[in-house]
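Worksheet for the structure shown next.
The values are calculated or read from the model by the stated rules, or taken from the named source; none is laboratory data. Not measured: the values here are computed from a predicted model. Ideal geometry is used to build each Cβ from the backbone, glycine not excepted, and the neighbour counts take in all protein chains shown. These area figures cover heavy atoms from the full protein model, side chains too; ligands, DNA and RNA do not enter into them. Shrake-Rupley method; radii C 1.70, N 1.55, O 1.52, S 1.80 Å.
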Amino acid sequence: MYEFVTGPLAWLSFMIFFIGVIVRIVLYIKGLDWQLDRVAYMEYKSYGFKGAVRSILYWLLPFGTRGWRYYPFFTTIFFVFHISLIATPVFLQAHNILLQERFGFSFITISECTADILTIALLAAAVFLVLRRIALPEVRILTTWYDYLVLAIAAAPFITGYFAAHEIGNYKFWLILHILSGELMLVAIPFTKLSHFALFFMSRAQLGMDYGIKRGGMKSKGMAW
Amino acid sequence: MAQGKYCNREKINTLEQLQSLLSDTNGKQYYKEMEDLDVDTELLANTIQKTLKQKSRIKTWLEICAHCGMCAESCFLYLANDNDPEQVPSYKIQSTLGEIVKKKGQVSTEFLIKCMDTAWSKCTCCNRCGQYCPLGIDMGIMFGYLRGLLFNQGFVPWEMKIGSGMHRIFRAQMDVTTEDWVDTCEWMADEYSEDWPGLEIPVDKENADILYTVNAREPKHYPEDLAEAAILFHIAGENWTVPSEGWEETSLAMFAGDWEACKLQVESVYDAMKRLNPKRMVVTECGHAYRATVIEGPYWAGLKSGQTPIPSFHYVEWVAEALRTGKLKIDPAKKIKEPVTYQDSCNYIRNAGLADCAREIMSYIAEDFREMTPNREHNFCCGGGGGFNGMGRYRKQRNAGLKVKRDQILATGCKLVISPCHNCWDAIRDLEEVYEIGIRWSFLKPLLIDMVIVPDHLKPQDEEDE
Ligand code: SF4
Ligand code: SF4
Ligand code: SF4
């Protein structure tokens, strides 16, 4: 079982993930239409580029935009959630040992203690995200079961990983579940809302180009996000 | 398929059709018929298929919206309606356009009426929410698209259908003909020439420096606005002209979602540019007009550059330039002394980047300029955008929507609001009427005329002898 989930299944899910994400990006770019979108993308590439970079960078920066500053509590949770979500798996020692063994390279790693903190932070943030959905009428009205499902898919590798790492219960069982849930997330990214993993950059870039080229970018210092 | 006498999918292309629709007072019969108007689901499905399925960002936007609710408080209508969750931008679009897409156009008449009510009374396409969404999802754009779908199906507010029909027939949002327009120009030049010797409103002069274009309301209801523009150009020594045709900048067709009429309208202006070969165009103090003709227009007309055939400027740009270069000089003694605030029009500030010139103007003309909060690109819609001012069916909702601007103005402590946008100007006038907070409002032109130093050679003869 372990061999299967870390072998062919891992390959398959990584392939689906990479190809899927690339296809999403390519389709997004192919879907641009200067006349339908009403933005002359090709005519003012430098203005478009500036606007796009501006739009992405400001929004990647915690509290970098008015939107982020307006909801400080949510923003903190949001960044904790997303930073942990990406940093933990990429820099985890155990993952990097695997990388080194299989592909001969690895990233810098974080200590196990840091990984634990990030994991717990992520799970706590996830709980807050759920509570927020239930508590705030303006979020409740938007929420569907699908939002919870997506959140569960994202949180599952962390819960199972934590259990496995701390050998709570049956190590083998949690490890396999951890790997499976990680693979499920990879596969889900191109096909669900999790596609915003990549499409965030596309959509932000596009609105950035829109503001950079058409809506004032050529007549002002650029959109004050 | 059932179509009404007044309410149907047909476009208004003849005077007869227009008059018939106008004869149905307040669209009473029109809205009654709408309840039985069939949905052309095939057309709807095809249109979505064509524009949504393969192209454009809208499908992705609907799909990736994280349902985070960060756009909620960015919408002035959400705030004005006591944080009603049904006014959350994302909810508004998901529950209308989102459903149409999900159901592949298989929706009912009742549903499209609900969509119409949402599209025209719960969104002014001010594009503010797009600025607060972490994923860069712009509901204003999507509502514009939804309006187009609804227009094609005949589910469009009565006034909007008339408005776009006006553009189709008169190339103006009102029934102002070429003769009416040219007459008004002559009449105004005449009327004011005693006080302003040599005052002219040149029509169809070729190779002028400035082609000046207006909002049809000006010749129709406020001809002095035209005279004021002429006086200021006269004082500034501009070589300018107005076109006999293609003089109208506004686009109720844009509010209606009638893209075909939008194209016809802007092309009439672009034709004037080509015909008269001016160096640049200056647009009167109107926000949506500028957005329609200068920002969106080139795309409707299929101009790949995304630019109007000649460079185009909003009135605030011209005023800022005239003050900066000294073409217009302000008498320091006549500057506005009382506290004064400025209404940032979404259409040329957020959607065209002209916040700075507005501030520059204020630095010349006001001693105590006070900003509203928030301001510049983050301003709130006045409450009257996107056609909201002009639809009887949504009067109540419009009036409720004015509250945010009312409170913003009150917080500045100013009694005077400068508003170089016809729609905002109207909304602020109406908010005073509804809420009576004791404010005044003004375009730039009349204020400037009271403040500028008039060169001696332009003054009437007898005054000089004094
Ligand atoms: S575009 Fe403006 S009015 Fe429309 S939903 Fe967004 S913020 Fe509200
Ligand atoms: S802020 Fe953006 S992602 Fe969040 S609910 Fe609104 S539209 Fe959706
Ligand atoms: S009427 Fe004025 S404030 Fe309202 S949307 Fe239009 S420009 Fe913006």
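Shown for the range B:276-324: the carbon plus sulfur share of the solvent-accessible area, taken with all protein chains present and a 1.4 angstrom probe, equals 50%. For the protein assembly as shown, the Cα-based Rg and Dmax, in that order, read 28.4, 106 Å.
Here the average projected area of the convex hull drawn through the C-alpha atoms of the range A:120-189 stands at 5.1 nm². Counting only DSSP beta bridges with both residues in chain B, what percent are antiparallel, rounded to the nearest 5? Among the beta bridges of chain B, antiparallel pairing accounts for roughly 5 percent.
In the elastic network of chain A, a GNM with C-alpha springs shorter than 10 Å, the most mobile of A:180, A:131, A:85 is A:131. What is the helix-to-structure angle for B:315-325, meaning the angle in degrees between its Cα long axis and the longest Cα principal axis of chain B, kept from 0 to 90 and rounded to the nearest 10? Roughly 30 degrees between the two axes. A Förster radius of 56 Å, combined with the Cβ-Cβ distance separating residue B:337 from residue A:111, puts the computed FRET efficiency at roughly 0.25. Approximating the spin labels as points 7 Å out from Cα along Cα→Cβ, the residue A:140-to-residue B:325 distance works out to 6.0 nm. Semi-axes of the equivalent ellipsoid for the range B:1-143, computed as √(5λ) from the eigenvalues of its C-alpha gyration tensor and ordered from largest down, come to 30, 19, 13 Å.
Look at the dipole of the range B:172-331 built from charges on Cβ: of B:328, B:178, B:223, the Cα furthest out on the positive end belongs to B:328.
Largest first, the three principal axis extents of the alpha carbons in the range B:328-451 are 46, 31, 24 Å in whole numbers. Counting only Cβ charges, +1 for Lys and Arg and -1 for Asp and Glu, the dipole size of the range B:366-429 around its Cα centre is about 480 debye. For the range B:1-73, the extents of the C-alpha atoms along the principal axes are 47, 32, 23 Å, listed from largest to smallest.
Computed with a 1.4 Å probe over protein heavy atoms only, the accessible area of residue A:118 comes to about 40 Å². Take every DSSP beta bridge with both residues inside the protein assembly as shown and express the antiparallel ones as a percent of the total, to the nearest 5. Rounded to the nearest five, the antiparallel share is 5 percent. Amide H to amide H, with H built 1.01 Å from N, residue B:212 comes under 5 Å of B:241, B:242, B:282, counting only residues 5 or more places away or on other chains. Ranked from largest to smallest solvent-accessible area, with a 1.4 Å probe on the protein heavy atoms, A:178, B:378, B:221 come out as B:221, A:178, B:378.
For residue B:59, the solvent-accessible surface computed with a 1.4 Å probe is close to 80 Å², ligands and nucleic acids excluded. Cα-Cα over 22 Å: which of B:59/B:405; B:32/B:114; B:11/B:103; A:50/A:219? Where the Cα-Cα span goes over 22 Å, the pairs concerned are B:59/B:405; B:11/B:103. Over the range B:152-266, calculate the relative contact order: mean separation of alpha carbon pairs under 8 Å at least 6 apart, over the residue count, as a percent. Relative contact order of the range B:152-266: 38 percent.
Quote the total accessible area buried by chains A and B together, excluding ligands, DNA and RNA, probe 1.4 Å, nearest 100 Å². The A and B chains share an interface burying roughly 4800 Å². For the residues B:361, A:16, B:437, a 1.4 Å probe over the protein chains yields an accessible-area ranking, largest first, of A:16, B:437, B:361. Ranking B:194, B:218, B:200 from most to least accessible surface, computed with a 1.4 Å probe over the protein chains only, gives B:194, B:200, B:218. This model, with +1 at the C-beta of Lys and Arg and -1 at the C-beta of Asp and Glu, gives the range B:271-339 a dipole about its Cα centre of some 260 debye. Taking A:84, A:13, A:106 as the candidate residues, the one with maximal mean-square fluctuation in a Gaussian network model of chain A, Cα springs under 10 Å, is A:106. In this simple spin-label approximation, residue A:131 and residue A:15 carry label points 7 Å from Cα along the Cα→Cβ vector, and these lie 4.4 nm apart. With the simple spin-label model, which puts each label point 7 Å out from Cα in the Cβ direction, the residue B:207 to residue A:167 separation comes to 9.3 nm.
With contacts taken as Cα pairs under 8 Å and at least 6 residues apart, chain A reaches a relative contact order of 37 percent. Cross-link reach is defined here as a Cα-Cα straight distance under 15 Å, omitting same-chain residues fewer than 8 places apart; for residue A:214 the aspartates and glutamates meeting it are A:33, A:37, A:43, B:138, B:296, B:377. Would you mind checking the tilt of helix A:171-191 against the longest principal axis of the Cα atoms of chain A, expressed as 0 to 90 degrees and rounded to 10? So the helix axis and the longest Cα principal axis differ by about 20 degrees.
Compute the helix-to-body angle for B:109-121: its Cα long axis versus the longest principal axis of chain B, expressed 0 to 90° and rounded to tens. That works out to roughly 30 degrees. Distance from the Cα centroid of the range A:114-165 to that of the range B:374-433 is 41 Å (rounded to whole angstrom).
A simple charge model with +1 on the Cβ of Lys and Arg, -1 on the Cβ of Asp and Glu and nothing else charged puts the dipole of the protein assembly as shown at about 3340 debye relative to its Cα centre.
Using a 1.4 Å probe on the protein heavy atoms, what percent of the accessible area of the range B:356-466 belongs to carbon and sulfur? Mind dumping the intermediate values first?
Values: 2200 of 4510 Å².
Answer for the range B:356-466 is 49 percent, counting heavy atoms of protein chains only.
Stretched out straight at 0.36 nm per residue, the stretch from residue B:194 to residue B:109 would grow longer than its current Cα-Cα span by 24.7 nm. Based on alpha-carbon atoms, the Kirkwood radius and the radius of gyration of the range A:75-139 give Rg/Rh equal to 1.16.
Could you tell me which residue out of B:234, B:254, B:39 lies farthest along the dipole of the protein assembly as shown toward its positive end? Charges go on the beta carbon: Lys and Arg +1, Asp and Glu -1, centred on the Cα centre. Highest projection toward the positive end goes to B:39. The accessible area of residue B:356, taken with all protein chains in place and a 1.4 Å probe, comes to roughly 70 Å².
Which whole-number percentage describes the relative contact order of chain B, with Cα contacts under 8 Å and a sequence gap of 6 or more?
Over chain B, the number comes to 15 percent.
With a probe of 1.4 Å, find how much accessible area chain B has per residue, and write the answer as a whole number in Å². Show your work: numbers first, answer last.
Working: 16580 Å² over 466 residues.
Accessible area per residue, chain B: 36 Å².
Over all distinct Cα-Cα pairs of chain B, the Kirkwood formula returns a hydrodynamic radius of 23.1 Å.
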